[in-house]
1. So W63 fits all but one of (1) within 16 Å of the ligand (Cβ to nearest atom); (2) over 18 Å from F267 (Cβ atoms); (3) aromatic (F, W, Y); what number is the exception?
2. Provide a single number: the residues in the stretch 323-349 that are open to solvent by less than 40 Å² (accessible area, probe 1.4 Å) and part of a helix (DSSP H, G or I).
3. Among the candidates E201, E228, which residue alone is among the charged types (D, E, K, R) and within 16 Å of the ligand (Cβ to nearest atom)?
4. Out of R422, R442, R455, R417, report the one residue that is among the basic types (K, R), open to solvent by 50 Å² or more (accessible area, probe 1.4 Å) and closer than 25 Å to F25 by Cα.
5. Those residues that are under 16 Å from L337 (Cα atoms) and outside any strand (DSSP E or B), I need them from the stretch 294-313; list them, please.
6. Could you list, in sequence order, the residues of the stretch 111-166 that are open to solvent by 10 Å² or more (accessible area, probe 1.4 Å), within 16 Å of the ligand (Cβ to nearest atom) and at positive phi?
7. Under 9 Å between Cβ atoms, which residue pairs at least 6 apart in sequence (or on different chains) link something in the stretch 12-25 that is of a type in the set (V, I, T) with a partner that is part of a loop (DSSP other than H, G, I, E, B) and at pLDDT 95 or above?
8. What tally of residues in the stretch 360-395 results from selecting those that are of a type in the set (K, R) and not in a loop (DSSP other than H, G, I, E, B)?
Amino acid sequence: MTQITNHMPTEELQALDAAHHMHPFTHGGELAGKGVRIITRAKGVMLHDSDGNEILDAMAGLWCVNIGYGREELADVAARQMRELPYYNTFFQTSHVPAIALAERLAELAPGDLNHVFFAGSGSEANDTNIRLVRTYWQERGKPEKTTIISRKNGYHGSTLGAMSLGGMAGMHAQGGVVQGIRHIDQPNWWAEGGEMSPEEFGLERARQLEKAILELGEDKVAAFIAEPVQGAGGVIVPPESYWPEIQRICDRYKILLIADEVICGFGRTGQWFGSQTLNIRPDIITVAKGLSSGYQPIAASIVTDAVAEVIAGCEFNHGYTYSGHPVAAAVALENLRILDEEGIVARVGAETAPYLKEAWESLGDHPMVGDVRIVGMMGSLALTPDKESRATFASDAGTVGLMCRERCFANNLVMRHVGDRMIISPPLVITRDEIDMLISRARKALDEAYEQVREAGLWKAAS
Ligand code: PXG
């Protein structure tokens, strides 16, 4: 067995990675030719790679390291819990203190009467749980035909078969098919799809697609609607203000369960504890993961209202994971929530950090290549365009210019992602003003360099 350490030369690690490691959402052959970037350690908002670069992580890992890297308290709690009780299950009428305490804390933090917690290991698993929860709920209420779940194109709910089917990513559906009983409506992306409508008109039109779908399918066939308060992986798409109130009205009117997927929006990302609070939504179920443990341990949950829990408690719910409520993950999550609360991190995001980031982020709107500029709390996006006035897309394949820009970001020691030709950020919530200034200046430099490259490559052309 090869002794693999952080001190091995990058090329050797790359060769071993290419030989044996299959990466998520990656063209393996292309990556093997290019060589993977190897992250060795991290502190605060900074990553270090095997070539000695110090990189500002404006994505908080994958939207999850809300508390920042390197918090010793979380490591200490994990070690303590591993020594005391590294594992026990929550099946067969047993429980343990970390799961009990975390469930109680989540019930306290979650809005309204979302008071009951079903644990999972990842956001995908929790959304699979949600599919089974809502269908079981209606079955128990004597309406076994209410099974269809409505969701949105370009929504992201995970990568397991169920969660992927809920999601609206065509490229994922094309590989292996989807589960039955899911209907997708269009997303509220005004910049890309709003045409001549005002954002408010467009928001209503898109929300009313939900009503149309319910009427088409029949109210007695629809179990639930699921959506992210603000679409994350779809490109940080902030819906027009008219959108969510109309969705809420429709869910109330037709008694459709509303599932808010808070996997990205939860735990301070939008400036409040939950995106549902920022967007003024009253969900029956929320999905949480990522920021729940700041990514230090894999843990997720479905949190349901008293009313949903009461129905589910009337049957044996034949569902669960070996790691549901894993004691080490739960203990780490609890400590993470304690720090987010006691250090006032969520409160500071709402009052100071997010407003500061918003002003800085919006200043990028004057760049010649930047059209739409969006930000809610600590998640922001920029649409790249060859013509701001007409909201044109580039003539090149979607993502060509975005990828060039992302590469310039990396070259300038900034992790800023692209989704198609939208650039996105979601930095750790603990980012300071100085670090925000650094983020913006690196982003501007990357945009300048990408702009030049795009022109030189003859790609400064609008699609006709
Ligand atoms: N719901 C939402 C809203 C998510 O963003 C999941 C569910 C699934 O969570 P797990 O823990 O199973 O990955 C997510 C995950 C990207 C990217 O490229 C986003 C996610 C995952 C991987 C990549 O932006 N979000």
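1. Condition (2) is where W63 drops out.
2. 15
3. On the way: E201 fails: within 16 Å of the ligand (Cβ to nearest atom).
Being among the charged types (D, E, K, R) and within 16 Å of the ligand (Cβ to nearest atom) holds for just one of E201, E228, which is E228.
4. Values: R422 fails: open to solvent by 50 Å² or more (accessible area, probe 1.4 Å); R442 fails: closer than 25 Å to F25 by Cα; R455 fails: closer than 25 Å to F25 by Cα.
That would be R417, the only listed residue that is among the basic types (K, R), open to solvent by 50 Å² or more (accessible area, probe 1.4 Å) and closer than 25 Å to F25 by Cα.
5. Once the filter is applied, which keeps residues that are under 16 Å from L337 (Cα atoms) and outside any strand (DSSP E or B), the stretch 294-313 yields S294, G295, Y296, Q297, P298, I299.
6. Within the stretch 111-166, just N154 meets the criteria.
7. none
8. Quick first cut of the stretch 360-395, residues of a type in the set (K, R) only: 374, 388, 391.
In the following step, the residues that additionally are not in a loop (DSSP other than H, G, I, E, B) were identified as 374.
Selection size over the stretch 360-395: 1.
The values are calculated or read from the model by the stated rules, or taken from the named source; none is laboratory data. Note that the structure is predicted; figures quoted are calculated from it, not measured. Quick reminder, even Gly has a Cβ in these numbers, built from the backbone with ideal geometry, and neighbours come from all protein chains shown. The protein model used for the area step is the full one, side chains on, heavy atoms only, and it has no ligands, DNA or RNA in it. Shrake-Rupley method; radii C 1.70, N 1.55, O 1.52, S 1.80 Å.
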